[in-house]
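Since the structure comes first, as structure tokens, the remarks are kept for the end.
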Amino acid sequence: MKWFMKGIVPLLVVGFLLYVFKTVYVVDGKLDYFRLWMLFGIPFGLTRLCIWFLPRGYDIGGTVGMLAMSVVLAGLVGGFIAVFTILQAVYYSLIYPGIHYLQRRKVIL
């Protein structure tokens, strides 16, 4: 069950995000890598960074600007987290079941 939750489910989430954001990161029939990185990283970055810069004593423009900066920062950092999540999911879906099978058969690695 561990290989399913850590391997298959993250790959399904990544595939769903790619499908949903396709209309945004494809511009004039070409792939815009910066938009892909930002849109793909925001769901992973916001949940793990939890950085929200909300200034006190500023007007609405300053507050919205700082909120936008925190979303952009979460998108940039979340892109790296998303790549790590994909690599971890590939490990758990392809390599982990094989290693677990060999350990049950008492084959020395």
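Just so you know, all these numbers are worked out from the coordinates, no wet-lab data involved. All values reported here derive from a predicted model rather than from experimental measurement. Please note: Cβ atoms are built from the backbone with ideal geometry, for glycine as well, and neighbour counts cover all protein chains shown.
Computed quantities for the displayed model
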| read-out | value |
| --- | --- |
| Loop chymotrypsin sites (Phe, Trp or Tyr not before Pro), region 1-66 (other Cβ atoms within 10 Å of the site Cβ: 15 or fewer; DSSP) | W52, F53, Y58 |
| Set of aspartates and glutamates with alpha-carbon distance to K2 below 17 Å, sequence-local pairs under 8 removed | none |
| Per-pair calculated FRET efficiency, R0 = 22 Å: R48 and Y91 via Cβ, rounded to 0.05 | 0.70 |
| Against the rule of thumb 2.2 N^0.38 Å, how large the Cα Rg of the chain comes out | 1.45 |
| Of the trypsin sites (Lys or Arg not before Pro) in region 5-90, those whose Cβ has at most 11 other Cβ within 10 Å and which sit in DSSP loop | R56 |
| Neighbour-count order for T85, T63, fewest beta carbons within 10 angstrom listed first | T63, T85 |
| Rounded to the nearest 20 debye, dipole of region 2-104 from Cβ charges on Lys, Arg, Asp, Glu | 400 |
| For the chain, with +1 on Lys and Arg beta carbons and -1 on Asp and Glu, the positive-most of W37, F16, L76 along the dipole | F16 |
